[in-house]
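Worksheet for the structure shown next.
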């Protein structure tokens with residue numbers, strides 16, 4: 001069974017030295033003198049912020065375990081009791097992402113991802129640049145609805161298979177490297193488009209929803225047009241930077257495989273229908289609740305996803321052995337993010353932090369603030385897991401937006417999208433970790449190409465949001 005790792009960590013055992021560094025940094029914050037306008041509880045919340053950032057960046061234990069220590073630290077610092085510390089793990093966004101992982105397992109188990117890859121190869125006619133575009137487009141569309149790490153995990157083996165049809169060894173190496181990077185980039189881009197596509201989206205949408213009703217479609221109405229611009233841009237840059245060979249491969253073996261597969265099975269059709277119904281209800285659920293006079297939030301994204309997984313289980317499309325094989329670590333990391341955010345908000349630490357920044361931001365045009373926070377998000381995400389970074393930045397951005405008189409959506413969304421452009425290092429995201437362990441791309445090449453593709457992407461994100469603000473569309 002293919003596993004969907006949140007992050008392949010640098011070690012699999014507890015690293016005591018790194019843990020002592022985390023504790024030392026946390027203790028240092030507690031000993032520092034803070035101004036009178038920050039309550040003692042707020043100072044402890046700042047210490048939890050430092051603890052969270054340090055433990056998720058240094059990873060003294062595997063990332064999910066490190067994340068689980070965040071609510072433990074919240075209790076140890078006397079900020080909340082155990083019930084309050086773990087209450088953040090009941091956020092609907094957590095179950096939405098978890099259900100998305102289960103849906104991905106159903107697609108993988110019953111061969112739908114492989115079938116899609118075969119269609120992409122046949123549609124390309126064997127032309128490698130066109131094949132790269134088809135694979136990236138397929139990956140983008142799939143990762144809009146299935147968590148992007150899961151999409152990358154099931155499609156990287158497809159790239160390795162495609163390279164076997166390239167005759168020259170050097171051309172084959174260049175082809176597989178380009179395809180693997182293309183899949184990882186496209187999965188990240190597709191993940192930006194919806195709340196279910198990536199963990200940081202779910203975190204940010206949860207915080208925005210706490211300010212005012214913020215639906216599945218409220219996110220996608222801004223993100224999908226951006227993704228439609230970013231995907232072809234990334235494809236074109238990859239071809240130019242990687243010098244992908246412009247040759248035609250023999251697709252006859254693929255055609256034979258296509259004939260062998262035959263038509264869609266009843267189970268595959270059932271999975272596609274369930275996924276299509278999920279998408280419809282994710283987009284129009286709120287409207288249908290009012291139209292049919294249903295209980296409020298009955299058709300919320302989390303409820304719809306859980307019912308879909310339950311249906312697939314009852315109809316024996318997936319069973320518990322399939323679902324328990326999914327890596328549940330993403331659940332813990334997102335939960336840790338909500339725990340931190342809840343602490344910063346209720347202790348007043350987030351407000352204090354925002355008020356500290358407000359004087360330097362007041363009077364600055366929105367465009368200056370926008371490009372500054374997007375640049376910070378893009379830089380940090382190259383060194384820290386993007387889901388964990390999203391968990392740390394979301395509550396701070398909301399507070400900064402409030403202190404600066406800027407609508408929170410205008411800061412949170414572009415920064416979370418920039419955080420998704422984590423293309424340079426294995427530590428940046430689980431997708432890039434999978435690229436690294438595949439052995440298809442060297443570390444130096446990954447960093448160089450990731451920067452040259454990522455920088456134009458984040459500049460485009462910031463420029464689009466600036467343009468939308470000029471016309472009053474965001």
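The numbers here are math on the coordinates, done by the rules we state, and not lab data. Quantities reported herein were computed from a predicted structural model and do not represent experimental measurements. Cβ placement follows ideal geometry from the backbone for every residue including glycine, while neighbour counts extend to all protein chains displayed.
Quick notes on this structure:
- Ranked packing of 235-246, 412-423, 24-35, most packed first, by mean Cβ within 10 Å: 412-423, 235-246, 24-35
- Helix 252-261 vs. the chain, principal-axis angle (Cα, 0 to 90°, nearest 10): 80 degrees
- Ranked 185, 165, criterion: other C-beta atoms within 10 Å, fewest first: 165, 185
- Exposure proxy order (Cβ contacts within 10 Å, fewest to most) of 256, 173, 431: 256, 173, 431
- Ranked by how many other Cβ atoms sit within 10 Å of their own Cβ, fewest first, the residues 119, 207 fall in the order 119, 207.
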